[in-house]
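For reference, the structure is listed below as structure tokens.
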């Protein structure tokens with residue numbers, strides 16, 4: 001009976017990334033900067049920073065700075081306050097490509113040294129993951145999430161995303177795991193279990209910080225109970241902001257980590 | 001919405017008189033809805049919440065600054081069991097006579113430990129939990145403990161279950177919930193009401209809308225704000241879509257535990273359909289940013305006609321698969337008589353949401369203390385199921401799912417006719433204190449908050465997950481290790497809401 005039921009709706013699985021998917025293209029990512037030099041920035045520069053509850057908005061100052069508006073997507077909790085009050089300066093980024101291979105790479109508009117550094121990181125990661133290719137096993141650890149990131153990771157198992165088609169599987173044992181997905185702001189109670197899980201994984205191993213909380217602590221940090229992101233506990237290879245990141249964004253981060261994102 | 005009823009504050013330090021009031025109120029039919037502490041200049045304020053048809057009543061007293069202990073309520077009212085352990089963690093005061101006064105959310109040595117002390121400005125920058133402060137409970141010959149967690153197979157939130165077993169039966173279960181404690185109650189302090197809302201949405205992310213509603217209801221009661229009709233409808237729309245997603249998530253977990261691959265896939269797909277509908281309506285898959293103090297941020301981006309047709313299609317698909325699932329004998333066998341909660345215990349504890357309803361005890365806030373558009377909409381509250389096992393908990397969820405579809409159709413119809421107008425009432429609050437509630441998919445969520453000079457000085461979220469999870473201790477009468485995933489999934493709770 002269930003077998004017939006399973007055939008009822010035909011194939012519902014996306015073919016992304018091989019083929020475009022309208023929902024993947026429409027994923028709402030973190031906020032981004034549309035105009036880094038608004039005419040009133042001189043007078044209102046401080047005011048723009050105050051728009052953000054996590055302090056993601058600042059102005060590039062100092063010798064290397066050009067006085068432009070910068071937004072750290074690693075701190076963005078997608079509340080939309082900046083977009084709503086200054087639609088001329090801020091907008092939503094669209095699409096699943098939210099992840100970055102280094103933490104400063106999440107700052108938009110991108111800092112000058114990003115392209116070079118990115119190529120270097122990408123090559124390093126590719127060398128590390130060359131052996132994984134078409135069979136990749138994931139282990140997840142919750143280090144203080146709000147529960148939504150777990151839902152979005154689990155969604156990758158449903159027939160719509162079906163990450164198995166890409167040779168990506170969940171594993172219970174860290175001994176079998178190639179990639180560690182970590183969610184949450186780095187709760188102090190989870191520091192030791194997270195470290196033990198990381199240590200139990202064989203090399204090469206990759207860590208993906210899933211969600212703004214994991215990247216920077218988001219709204220839940222600073223707190224006596226969290227460490228302001230998981231980077232303080234384990235070395236991170238891929239930074240994926242989002243509150244929470246959509247399943248397509250997590251899939252993108254996974255494929256980016258193993259060098260299979262075109 | 002009915003107004004706050006404050007039972008006059010008890011004379012300072014007279015905790016016993018406060019407990020007398022609480023116990024008497026419970027005996028008269030009120031539900032014990034929570035207990036928490038607040039560090040104030042005059043001492044430690046102990047606040048109990050009592051839920052009834054008139055609203056959520058607050059009863060409190062002040063412990064003198066010098067007090068290091070107080071007589072435990074748990075001896076007289078078992079439902080306070082975890083609440084008093086949390087108070088001990090947060091403030092270091094000892095509930096005298098508590099049957100198990102060990103740490104819950106923040107394991108630390110009893111002497112000389114740093115305490116967060118919510119309500120008091122400032123506080124420790126970092127507190128390292130020390131699991132050695134927790135005893136192991138293995139008793140009896142031939143028993144051993146299977147630690148299960150905090151890193152568990154699959155994609156789970158962090159909790160550790162210590163299953164004490166002679167081999168197959170589970171005579172005793174111990175839970176360690178502290179791992180993902182985030183210290184959110186201290187984080188709220190000093191925030192503006194607007195920032196606090198963003199954090200409230202992230203206390204228990206899978207119940208984002210219910211937490212935002214309970215939080216905003218508290219603010220709106222201080223401001224005496226009337227939410228515009230269209231906004232009240234949009235709130236119900238998102239609250240019920242959230243309920244659908246959560247209940248479908250439980251169906252996925254149960255089907256997965258039973259190894260029904262097709263059923264798991266089908267319900268997983270339906271859940272995805274709900275989340276996509278939510279994201280099309282508001283931009284966020286979890287309804288974030290919709291509920292704001294005084295109303296909602298905007299109308300759904302999906303037209304009422306499209307909503308109606310999407311909801312109709314989804315209802316057909318979900319109902320057909322649910323009927324098939326409830327006709328699958330091998331599945332029902334795993335749930336029947338698994339993890340039973342007796343009606344007496346459900347009533348005594350004031351078990352919330354589907355867990356209570358499956359044991360014949362219902363105190364649905366949408367029905368008893370209605371808010372937003374619920375007083376006007378037809379709720380069709382189904383009769384509670386009485387057996388209290390995992391099967392009845394699933395039956396309650398299916399009842400709630402069809403109830404949600406019924407509500408969603410009404411909302412879509414009403415939205416099509418709702419007159420254009422503002423979607424927010426003025427709700428600027430600088431000072432005040434109030435309690436707000438909302439019925440989350442897991443059961444009732446409570447927010448007790450205080451604002452001074454435009455900043456939160458105390459914000460206490462109490463999720464249904466926190467209130468209900470403690471019941472898991474008692475659900476293993478005759479059940480064996482392989483029943484564990486069914487029992488856990490049937491409760492449908494979120495650890496984020498438990499540990500905060």
**Study point:** Hits in the range A:178-215 (condition: more than 11 Å from chain B (Cβ to nearest Cβ) and in a loop (DSSP other than H, G, I, E, B))
**Key:** A:178, A:201, A:202, A:203, A:204, A:205
Point to revise | Matching residues in the range B:160-190 - criterion: being under 18 Å from the mean Cα position of the chain (by Cα), in a loop (DSSP other than H, G, I, E, B) and either within 9 Å of chain A (Cβ to nearest Cβ) or more than 14 Å from residue B:131 (Cα to Cα) (or both) | key: B:181, B:182, B:183
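Answer yes if at least one residue in the range B:271-281 is under 26 Å from residue A:53 (Cβ atoms), surrounded by fewer than 22 Cβ atoms within 10 Å (Cβ to Cβ) and more than 8 Å from chain A (Cβ to nearest Cβ), and no otherwise.
Going residue by residue through the range B:271-281, those that are under 26 Å from residue A:53 (Cβ atoms) are B:275, B:278-281.
After this cut, where a residue has to be surrounded by fewer than 22 Cβ atoms within 10 Å (Cβ to Cβ) as well, the list is B:279-280.
From what's left, more than 8 Å from chain A (Cβ to nearest Cβ): B:280.
So far as the range B:271-281 goes, yes, one or more of its residues are under 26 Å from residue A:53 (Cβ atoms), surrounded by fewer than 22 Cβ atoms within 10 Å (Cβ to Cβ) and more than 8 Å from chain A (Cβ to nearest Cβ).
Could you go through the range B:146-160 and let me know if any residue there is surrounded by fewer than 13 Cβ atoms within 10 Å (Cβ to Cβ) and farther than 30 Å from residue A:171 by Cα. Break it down into steps so the answer makes sense when it comes.
Just the residues of the range B:146-160 that are surrounded by fewer than 13 Cβ atoms within 10 Å (Cβ to Cβ), to begin with: B:146-147.
Checking the rest, the ones that are also farther than 30 Å from residue A:171 by Cα come to none.
Checked against the condition, which is being surrounded by fewer than 13 Cβ atoms within 10 Å (Cβ to Cβ) and farther than 30 Å from residue A:171 by Cα, the range B:146-160 yields no hits at all.
Looking at the range A:58-73, is at least one residue part of a helix (DSSP H, G or I) and at pLDDT 75 or above? Step through it out loud before you land on a result.
Here is the first cut: in the range A:58-73, the ones part of a helix (DSSP H, G or I) are A:73.
Now restrict to residues that are at pLDDT 75 or above: A:73.
There is at least one residue in the range A:58-73 that is part of a helix (DSSP H, G or I) and at pLDDT 75 or above.
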Check your understanding: Any idea how many residues of the range B:64-88 are surrounded by fewer than 22 Cβ atoms within 10 Å (Cβ to Cβ) and more than 22 Å from residue B:348 (Cβ to Cβ)?
Key -> 6
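In this structure, does residue A:125 turn out to be touching a strand residue (DSSP E or B) at 6+ places or on another chain (Cβ under 8 Å), away from chain B (no Cβ under 14 Å) and in contact (Cβ under 8 Å) with a residue 12 or more places away in the chain? Reasoning before the result, please.
Details: touching a strand residue (DSSP E or B) at 6+ places or on another chain (Cβ under 8 Å): yes; away from chain B (no Cβ under 14 Å): yes; in contact (Cβ under 8 Å) with a residue 12 or more places away in the chain: yes.
Considered against the rule, which asks whether it is touching a strand residue (DSSP E or B) at 6+ places or on another chain (Cβ under 8 Å), away from chain B (no Cβ under 14 Å) and in contact (Cβ under 8 Å) with a residue 12 or more places away in the chain, residue A:125 comes out as yes.
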Check your understanding: In the range B:108-129, what residues are touching a helix residue (DSSP H, G or I) at 6+ places or on another chain (Cβ under 8 Å) and more than 20 Å from residue B:63 (Cα to Cα)?
Key -> B:108, B:109, B:126, B:127, B:128, B:129
Check your understanding: In the range A:216-245, what residues are touching a helix residue (DSSP H, G or I) at 6+ places or on another chain (Cβ under 7 Å), within 12 Å of chain B (Cβ to nearest Cβ), within 21 Å of residue B:285 (Cα to Cα) and assigned to a loop (DSSP other than H, G, I, E, B)?
Key -> A:242, A:243, A:244, A:245
Exercise for review: All but one of (1) closer than 17 Å to residue B:96 by Cβ; (2) touching a helix residue (DSSP H, G or I) at 6+ places or on another chain (Cβ under 6 Å) hold for residue B:59, so report the exception by its number.
Suggested key: (1)
Check your understanding: Are any of the residues in the range B:210-220 buried (at least 22 other Cβ atoms within 10 Å of the Cβ), in a loop (DSSP other than H, G, I, E, B), within 11 Å of chain A (Cβ to nearest Cβ) and touching a strand residue (DSSP E or B) at 6+ places or on another chain (Cβ under 8 Å)?
Key -> no
Practice item. State all residues of the range A:142-165 that are touching a strand residue (DSSP E or B) at 6+ places or on another chain (Cβ under 7 Å), at the interface with chain B (Cβ under 7 Å from one of its Cβ atoms), part of a helix (DSSP H, G or I) and touching a residue at least 60 places away in the same chain (Cβ under 8 Å); if no residue qualifies, say none. Key: A:153
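Collect the residues in the range B:118-158 that are closer than 24 Å to residue A:184 by Cβ and more than 9 Å from chain A (Cβ to nearest Cβ), keeping them in residue-number order.
Listed by number, the residues that qualify are B:118, B:130, B:132, B:133, B:134, B:147, B:148.
If we only count helices (runs of 4 or more DSSP H) wholly inside the range B:293-396, which ones have 3 or more residues that are surrounded by 15 or more Cβ atoms within 10 Å (Cβ to Cβ) and touching a helix residue (DSSP H, G or I) at 6+ places or on another chain (Cβ under 8 Å)?
Values: elements: B:304-325, B:329-335, B:343-349, B:353-357, B:365-368.
Qualifying helices (runs of 4 or more DSSP H): B:304-325, B:329-335, B:343-349, B:353-357.
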Review point. Are any residues in the range B:41-56 closer than 17 Å to residue B:91 by Cα and in contact with a strand residue (DSSP E or B) (Cβ under 7 Å, 6 or more places away or on another chain), and if so, which ones?
Key: B:42, B:43, B:44, B:45, B:46, B:47, B:48
Check your understanding: Looking at this structure, is residue A:123 outside any strand (DSSP E or B) and in the same structural domain as residue A:164 (by TED's automatic domain parsing)?
Key -> yes
Exercise for review: Among what's in the range A:166-177 and is part of a loop (DSSP other than H, G, I, E, B) and farther than 17 Å from residue A:129 by Cβ, pick the residue that is farthest from the other protein chains (Cβ to nearest Cβ).
Suggested key: A:173
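So which of A:172, A:209, A:155, A:191 ends up being modelled with pLDDT under 95 and either at positive phi or in the same structural domain as residue A:228 (by TED's automatic domain parsing) (or both)?
Working: A:209 fails: modelled with pLDDT under 95; A:155 fails: modelled with pLDDT under 95; A:191 fails: modelled with pLDDT under 95.
Every option except A:172 fails the conditions.
Does residue B:388 qualify as being more than 18 Å from the chain's Cα centre (by Cα) and at positive phi?
So residue B:388 fits the description; yes.
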Review point. Among the residues of the range B:399-416, is there at least one that is in a loop (DSSP other than H, G, I, E, B) and surrounded by fewer than 23 Cβ atoms within 10 Å (Cβ to Cβ)?
Key: no
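With respect to residue B:203, is the statement that it is over 19 Å from residue B:253 (Cβ atoms), assigned to a loop (DSSP other than H, G, I, E, B), touching a residue at least 60 places away in the same chain (Cβ under 8 Å) and touching a strand residue (DSSP E or B) at 6+ places or on another chain (Cβ under 7 Å) true?
Values: over 19 Å from residue B:253 (Cβ atoms): yes; assigned to a loop (DSSP other than H, G, I, E, B): yes; touching a residue at least 60 places away in the same chain (Cβ under 8 Å): yes; touching a strand residue (DSSP E or B) at 6+ places or on another chain (Cβ under 7 Å): yes.
Yes, satisfied.
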**Study point:** Number of the condition not met by residue B:334 [criteria: (1) away from chain A (no Cβ under 14 Å); (2) under 17 Å from residue B:385 (Cα atoms)]
**Key:** (2)
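The values are calculated or read from the model by the stated rules, or taken from the named source; none is laboratory data. Model, not experiment: these values are computed from the prediction. Heads up, the Cβs are rebuilt from the backbone with ideal geometry, glycines too, and the neighbour counts pull from every protein chain shown.
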